[in-house]
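The values are calculated or read from the model by the stated rules, or taken from the named source; none is laboratory data. Fair warning: this is a prediction, and the values are worked out from it, not measured in the lab. Cβ placement follows ideal geometry from the backbone for every residue including glycine, while neighbour counts extend to all protein chains displayed.
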Amino acid sequence: MTPADLYRVKATEFEALARREKNPALRQELEALAAGYIRLAVQADINNQNDIVFEERPRSDGMRSQQVQQQQSRCEKKHDEQD
C-alpha cells in the first residue's frame, strides 16, 4: 500500500466516525480531519510522480564549529535579553 492509499484509508475511517457522531462540533472536526487526509493523499500522489532524491552532504568540521558558535551566540543573546 502506498502512503496515499494509507491516507485514504484513514480519511475513510474519519468519515465513518463523523457519520455516526451526534455532536455537531465533533462531527465537524472529524470531517475536517478526513478532508485533511484526502489532501495528504493527493499530495502523496503528486510527490510519487516526482523523481527527486535528497542526499545530504556531509558537513565539514569547520562548518560544524561555525554552527555551534552561532548557536552559542544566540543563546547568549537570549540570556542577556532575559536579565
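State whether the residues of segment 8-30 include one that is among the hydroxyl-bearing types (Ser, Thr, Tyr) and under 23 Å from the mean Cα position of the chain (by Cα). Give the steps one after another, and end with the answer.
Our first condition is that a residue be among the hydroxyl-bearing types (Ser, Thr, Tyr); within segment 8-30, this holds for 12.
Remaining after also requiring under 23 Å from the mean Cα position of the chain (by Cα): 12.
Yes, that holds for at least one residue.
Does segment 33-68 hold any residues that are over 19 Å from the mean Cα position of the chain (by Cα) and at pLDDT 75 or above, and which are they? Give the steps one after another, and end with the answer.
To start, the set of residues in segment 33-68 that are over 19 Å from the mean Cα position of the chain (by Cα) comprises 49, 51, 55-68.
Of everything in segment 33-68, those that are over 19 Å from the mean Cα position of the chain (by Cα) and at pLDDT 75 or above turn out to be GLN49, GLU55, GLU56, ARG57.
Six or more apart or on different chains, Cβ under 7 Å: which pairs go from a residue in segment 1-23 that's farther than 13 Å from VAL42 by Cα to one that's assigned to a loop (DSSP other than H, G, I, E, B) and not hydrophobic (A, V, I, L, M, F, W, C)? Could you list them?
No pair meets every condition.
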